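Engineer: I'd like to ask some things about the structure below.
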Amino acid sequence: MTKYGHIAWRVIAVVAFAGTAALAVTLTRAPARPDHASLSSNLTESPCATSGLEAWLGLAQAAESGTGGRLEPGGTYYTLEFTNVSARACSLYGYPDVSAYAGDQAGGIQIGSAADHDTSVRPQPVMLAPGQTAHSVLRVTSTGTFQPTTCGQVTAPELRVMLPDQVRPAFVPIRLSACSKKGPEFLSVQAIQPRPGVPGFPVP
């Protein structure tokens with residue numbers, strides 16, 4: 001073999017080695033398969049949209065002294081129900097924002113203070129399949145327990161309900177005595193719980 005033949009052979013060997021090394025680097029940098037956590041997060045139900053839920057009031061119950069359970073005596077309790085009317089499963093977590101409301105829904109006004117959060121029930125994730133219903137307990141305190149000048153009693157024709165993680169409210173018809181002035185807490189609401197609610201019977 002000539003001198004130039006040895007040089008050519010060495011060049012070919014170096015090029016072949018470089019190509020093998022480049023292939024090894026490419027293979028080691030190939031994207032990893034998604035882990036189980038990533039796959040699980042993609043399968044989790046998305047938050048329930050206002051457009052896919054029907055908000056409505058269950059039966060009312062006046063609580064009396066000695067009722068016990070999670071409901072404190074005094075005031076009237078309603079079950080605020082949320083039914084999934086969409087074709088997909090979705091999730092709810094936390095407290096709905098509830099306030100008395102009056103006037104046209106697009107340009108109406110909030111009456112008094114929004115509902116206080118009743119923390120006697122711990123929030124928990126609630127998964128709703130199509131057709132299923134969850135609930136929250138809404139307490140309406142009698143406006144007669146407040147000073148007239150502090151309350152400014154009026155009649156509210158509906159409730160404005162904002163679901164967790166949503167920007168579009170739902171409106172629920174109701175006629176209730178409300179305080180028009182900010183400050184008196186005449187409404188309180190519990191975290192959303194699974195299953196339809198029954199007034200006066202706490203859900204475990």
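Engineer: Working only within segment 159-198, note down all residues that are more than 25 Å from Ala62 (Cβ to Cβ) and without any contact (Cβ under 8 Å) to a residue 60 or more places away in the chain.
Structural biologist: Once the filter is applied, which keeps residues that are more than 25 Å from Ala62 (Cβ to Cβ) and without any contact (Cβ under 8 Å) to a residue 60 or more places away in the chain, segment 159-198 yields only Val167.
Engineer: Would you tally the residues in segment 154-167 being surrounded by fewer than 18 Cβ atoms within 10 Å (Cβ to Cβ) and more than 18 Å from the chain's Cα centre (by Cα)?
Structural biologist: Residues flagged as surrounded by fewer than 18 Cβ atoms within 10 Å (Cβ to Cβ) and more than 18 Å from the chain's Cα centre (by Cα) within segment 154-167 amount to 3.
Engineer: Just to check your reading of the model, which residue among Glu185, Glu158 is under 17 Å from Thr76 (Cα atoms) and part of a loop (DSSP other than H, G, I, E, B)?
Structural biologist: Just one listed residue meets the conditions, Glu185.
Engineer: Can you report the number of residues in segment 86-116 which are farther than 19 Å from Glu158 by Cβ and either among the hydrophobic types (A, V, I, L, M, F, W, C) or not assigned by TED's automatic domain parsing to the domain that holds Lys181 (or both)?
Structural biologist: So the count comes out to 4.
Engineer: State which residue is modelled with the lowest pLDDT when the search covers only segment 83-102 and only residues that are closer than 24 Å to Glu185 by Cβ and hydrophobic (A, V, I, L, M, F, W, C).
Structural biologist: Ala102
The values are calculated or read from the model by the stated rules, or taken from the named source; none is laboratory data. As the structure is a prediction and not an experimental result, all values here were calculated from the model. With ideal geometry, Cβ positions are generated from the backbone for all residues, glycine too; neighbour counts draw on all protein chains shown.
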